[in-house]
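Chemist: Got a structure here, written out as structure tokens. Questions coming.
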Amino acid sequence: MSNATTAAHDLAQVPNPALKSDQLFINLGPQHPSTHGVLRIGLTIEGEVIVKAVPDIGYLHRGTEKLSEVRNYHHCVVLTDRWDYVSAMPNNLVFCLAAEKLAGVKTTPRADALRVIMCEMNRVASHLLFFGTYGIDLGAYTPFLYAFREREMVLDLFEMLCGARLTYNYIRLGGVMVDATPEWLKRTSEFVEYFKPRLDEYDTLLTYNPIFMARTKESAS
Amino acid sequence: MTTEELYSKIQAKFPKIEKAAVPVKDYPTVRLSSKEELVPLSQWLKAEGFDMLDMLTAVDLLGPVDMKGFIRQQNFNPFLPDGATPEIESAATPGYPYRPSMDLLWSFISVKDKTRVIVRLEQPREGTSVPSLVPLFKSADWQERETFDLLGIKFEGHPNLTKILTPDFTVGHPLRKDYVHVKDRFDE
């Protein structure tokens, strides 16, 4: 790093010749890995004014490309679960579609249908997590509890079929891990019917919530 | 602009740049003959409406992976019994032309026309150095830093070519095929 003039770790050194006498270096972060993405920003401040911000990313970089170099295609499906760990199904799907395209493999219509159902269910679970935690970040705690009540049901359905609640490894090369049972299909249809009216509930809770409105209106536009 | 029109326009403007033998998916793909052509071509593409640099990356074509780079887990097959030696399969694909070079790739998007053009360039592997596109496209900044960090490719004229993803104590560039992992504090 001979030419590392503005990397965040260089600004953190004490004493720092790059800082003027009335300037101060502070670290914003890094946040804990369970927060929404780990980021550290090296801030140079003058009083309350930020004069320089150097973002330091890479805390969640897992080196998937390097890991894939010594694994075969089946092993890599497991790695894809970890890309976006709250929506593992679509990650599995895109990898499997790419590998199947390379190999010229066709999947059966039933496997295709199951893949779509699982990806859509995972999308529901993932969006519930998004809007619940978004509310928390803005100070509205209640919608989170409602969102996680329904998310729990989706995760139970996933657990019933593939045994995992977060990293499923369900979509495999050439198809899926296991066929859906009649019991699972019945419970899934029940969930879909149960879920539809819940959307109105979320709308009531969050959309015109004064806290939510005050903190999002006319920001980032 | 159709793919054929784009090819003929590029051919007319830059006679040395030729259509790539293997396109990336079905996108128009051109291959540069030298790195000096990159900046003029990018300027021309930007003027033609390809106003967004979507992605830039590179591939190390050195060939089979050396297992020495993975000292954390010598026995990578968890189903082998204790004491058995893993049979290391060569990652070499028969018939593939491995060679000591870096294959670089830039992807330009025209937001208005919803089209994309891929530019490729093969450079020698040792001391690879290509012109930076940061003066033309702001989005090149972090992507060039990433390519430098993981593959060790220098971008001439980049304002701040430093490591971006790997920790500051990582030695070497991990995506190079001859990378050997040096034990650090996370290996203990």
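Chemist: Okay, helix-only estimate at 222 nm for chain A: each DSSP H run of n ≥ 4 adds -39500 (n - 2.57), divide by all residues, round to 500 deg cm²/dmol; what do you get?
Modeler: One gets -15500 deg cm²/dmol as the mean residue ellipticity at 222 nm.
Chemist: Also: Tabulate in residue order the Karplus-calculated ³J(HN,Hα) for region B:15-26, using 6.51 cos²θ - 1.76 cosθ + 1.60 with θ = phi - 60°, rounded to whole Hz; enter x for Gly and Pro.
Modeler: Result, ordered by residue: x, 7, 7, 10, 5, 5, 5, 10, x, 7, 6, 10 Hz.
Chemist: Send over the Kirkwood Rh of chain B, from the inverse of the averaged 1/r over different Cα pairs, rounded to one decimal Å.
Modeler: Computed over chain B, the radius equals 18.7 Å.
Chemist: Another one. Stretch A:Ala18-A:Val105 to full length: gain in nm at 0.36 nm per residue minus the Cα-Cα span?
Modeler: 25.5 nm
Chemist: Same structure, new question: Only helices at least 27 Å long along their own axis, judged from Cα atoms, and with Kyte-Doolittle mean hydropathy of -0.5 or greater: name those in chain A from DSSP H.
Modeler: A:109-137, A:142-162
Chemist: Measure off 7 Å from each Cα along the Cα-to-Cβ vector at B:Ser33 and B:Met52, then give the distance between these two points in nanometres to one decimal.
Modeler: 3.3
Chemist: Oh, and also: Too long at a 19 Å Cα-Cα cut-off: which of B:Lys138/B:Lys177; A:Lys106/B:Lys114; A:Lys101/B:Lys25?
Modeler: B:Lys138/B:Lys177; A:Lys106/B:Lys114
Chemist: May I ask you to derive the relative contact order of chain B, considering only C-alpha pairs under 8 Å and at least 6 residues apart, and to give it as an integer percent?
Modeler: 23
Chemist: Further question on the same structure: Taking 37 °C and 0.692 mPa s as the conditions, I'd like the Stokes-Einstein D for the protein assembly as shown in µm²/s, using the Kirkwood hydrodynamic radius from alpha carbon pairs.
Modeler: Answer from the Stokes-Einstein relation: 130 µm²/s.
Chemist: Something else now. Compute the signed sum of charges (Lys and Arg +1, Asp and Glu -1) over the other residues within less than 14 Å, Cβ to Cβ, of A:Leu138.
Modeler: +1
Chemist: Same structure again: Averaged over all directions, how much area does the convex hull of the C-alpha atoms of chain A cover when projected, in nm²?
Modeler: Its average projected convex-hull area is 17.4 nm².
Chemist: Please order A:Glu193, A:Glu159 by the number of other Cβ within 10 Å, starting at the fewest.
Modeler: A:Glu193, A:Glu159
Chemist: Within a Cβ distance under 12 Å of B:Leu161, other residues only, what is the Lys/Arg minus Asp/Glu net charge?
Modeler: Once positives and negatives cancel, what remains is -2.
Chemist: So which aspartates and glutamates pass the test for A:Lys186, namely a Cα distance under 14 Å, with those fewer than 8 places away in the same chain ruled out?
Modeler: Reachable aspartates and glutamates: A:Asp156.
Just so you know, all these numbers are worked out from the coordinates, no wet-lab data involved. The structure presented is a predicted model; accordingly, all values stated were derived computationally and were not measured. All Cβ positions, even for glycine, are placed from backbone atoms using ideal geometry, and neighbour counts span all protein chains on display.
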